[in-house]
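Since the structure comes first, as structure tokens, the remarks are kept for the end.
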Amino acid sequence: MPILLLILAGGVFAYFLWRSRTSSLSRDCRWRQHRKEGVWVCAFCGAQQQGGDAPTQCLKGQ
């Protein structure tokens with residue numbers, strides 16, 4: 001059982017490490033999709049991005 005918990009903890013750590021390297025979003029980034037307009041809008045800074053997929057880059061200050 002302790003070995004299973006160590007494997008689980010290692011998997012969670014690896015997931016967070018992978019997630020931090022594939023995205024530059026900060027804690028302030030709150031992207032909301034406006035489907036009618038076809039745009040993603042950040043609720044924190046008001047940045048906008050066109051497209052169907054959720055943004056992975058922080059556009060704060062641009």
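Relative to the longest principal axis of the Cα atoms of the chain, the long axis of helix 2-21 makes an angle of roughly 30 degrees. In the context of the full set of protein chains, residues of the chain present 86 Å² of accessible surface per residue (probe radius 1.4 Å, heavy atoms only). Charge dipole of the chain (Cα centre as origin; +1 on each Lys and Arg Cβ, -1 on each Asp and Glu Cβ, all else neutral): 100 debye, rounded to the nearest 20. The value obtained for the chain, namely the Cα convex hull volume divided by the number of residues, is 106 Å³ per residue. The share of accessible area on the chain that comes from carbon and sulfur is 60 percent, using a 1.4 angstrom probe. Entry note, the chain: relative contact order of 25 percent, from Cα contacts under 8 Å with a spacing of 6+ residues.
The values are calculated or read from the model by the stated rules, or taken from the named source; none is laboratory data. Computed from a predicted structure; not experimentally measured. Glycine gets a Cβ as well: all are built from the backbone with ideal geometry, and neighbour counts include every protein chain shown. Only protein heavy atoms, including side chains, enter the accessible area calculation; ligands, DNA and RNA are left aside. Shrake-Rupley method; radii C 1.70, N 1.55, O 1.52, S 1.80 Å.
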